[in-house]
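The next block holds one structure in the form of structure tokens; read it before the comments.
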Amino acid sequence: MVQEIINKKDNYGAEVITLENGAKVLDMKNASWEGGKLVGEICMGGLGRVEFTNFTIDNHYIPSVNVYTSEPIISCMASQLAGWNVKLKKKVEKNGEIKKKKVFESLGSGPARAKSKVEKKLFEEIDYEDNSNCAVIVFETGKLPNEEVMEIVADKCGVDISETYAVCAPTACLTGSIQVAARIVETGIHKFHEIEFPLDIIQDGFGTTTIAPIAKDDFAAMGRTNDSLIAGGMTYYTIKVDKDNEEEIFDLVKNAPANTSPSYGEPFMKIFKEVDYKFYDIDPGLFAPATYTVTNTKTGHSISAGSLNLKLLKKSYKLN
């Protein structure tokens, strides 16, 4: 998929930069709809699909995504989850003292995570090995990585620097809105993981949510894209579990939607402001889809939990 973008960079609105050490950086900030869709699929390691659809909030017509995967744990938890914090610091002299200055920092998604296994505990749970000879990482940032950042990625992944690729886009652009919306299935599974839902029983995942209107800057875009998932995200999962354990599993599903969080109820940016912009003071349970439907294929029984909040979405998107 990365090579497809490189080969047809003009079609996808991509800028392809080959660094001096041979690593390649794909700048997707001006990418087309199709380019943004591919970034969403690259985040899933090619094991999920992103398709465009639409949604109506009152009379407002909003583009949306349908996302689906039959490898939910590998595509979402081993690849798409933004779990690898890649950072580069340099020593600088200031007032006679040597201090470390942050040159680059971004959360990384994509199949490079499964190569690096920096998130050791998570990958021990997933028990997945990736034998690829290349590393592809996705950074949600407008600041492009330099040679040293890409050396970090190559080193942690154990691949040659010439086989190391970074796909980059800020949040406040079309690609940013698309690729965050494309995380709807992953967001649901991540919340399941947080509430100790057994991930190994999940068979398939499907999700739909709105593509947030592009905001004026990355800070504002962070709020809107989160609200797309929290207030407008709908998920569907199939599981396989014995009838004797079904009630216990279905009870866990009831605790998964975003509206079970004490932080729920207002647009994300208002919540963020109320905690003095201290991200980790927000209840982590808020970061979940609006709704879940789960079907147990062993019994044919289903459960649904949560609800859409179109009023919140309208407020967040500033729809008149």
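Readers should treat all values here as calculations from the given coordinates under stated rules, not as data from a laboratory. In this text, all values refer to a predicted model and were calculated from it rather than measured experimentally. We place every Cβ from the backbone using ideal geometry, glycine too, and count neighbours over all the protein chains shown.
Some points to look at:
- Listed by chain and number, the lysines placed with their C-alpha closer than 17 angstrom to that of Lys8 are Lys24, Lys29, Lys37; residues fewer than eight positions away on the same chain are left out.
- Partners for Lys254 among lysines (Cα-Cα distance below 18 Å; same-chain residues under 8 apart left out): Lys191, Lys240, Lys243
- Using only side-chain charges placed at the Cβ, +1 for Lys and Arg and -1 for Asp and Glu, the dipole size of the chain relative to its Cα centre rounds to 1160 debye.
- Residue-averaged [θ]222 nm for the chain, counting only DSSP H segments that reach four residues, each worth -39500 (n - 2.57): -9000 deg cm²/dmol
- Averaging Cα coordinates gives a centre for the stretch 200-255 and one for the stretch 115-129; these two points are 22 Å apart.
- Relative packing of 132-144, 247-259, which averages over residues the other C-beta atoms within 10 Å, highest first: 132-144, 247-259
- The stretch 217-281: C-alpha gyration tensor shape, a/c 1.5 cut-off, then a/b vs b/c: prolate
- Eligible aspartates and glutamates near Lys91 by straight Cα distance, threshold 19 Å, same-chain separation 8 or greater: Glu105, Glu147, Glu148, Glu151
- Residue (of Ile249, Met269, Pro198) at the positive-pole extreme of the stretch 136-282, dipole from beta-carbon charges: Met269
- Measuring between their Cα centroids, the stretch 268-320 and the stretch 166-197 lie 13 Å from each other.
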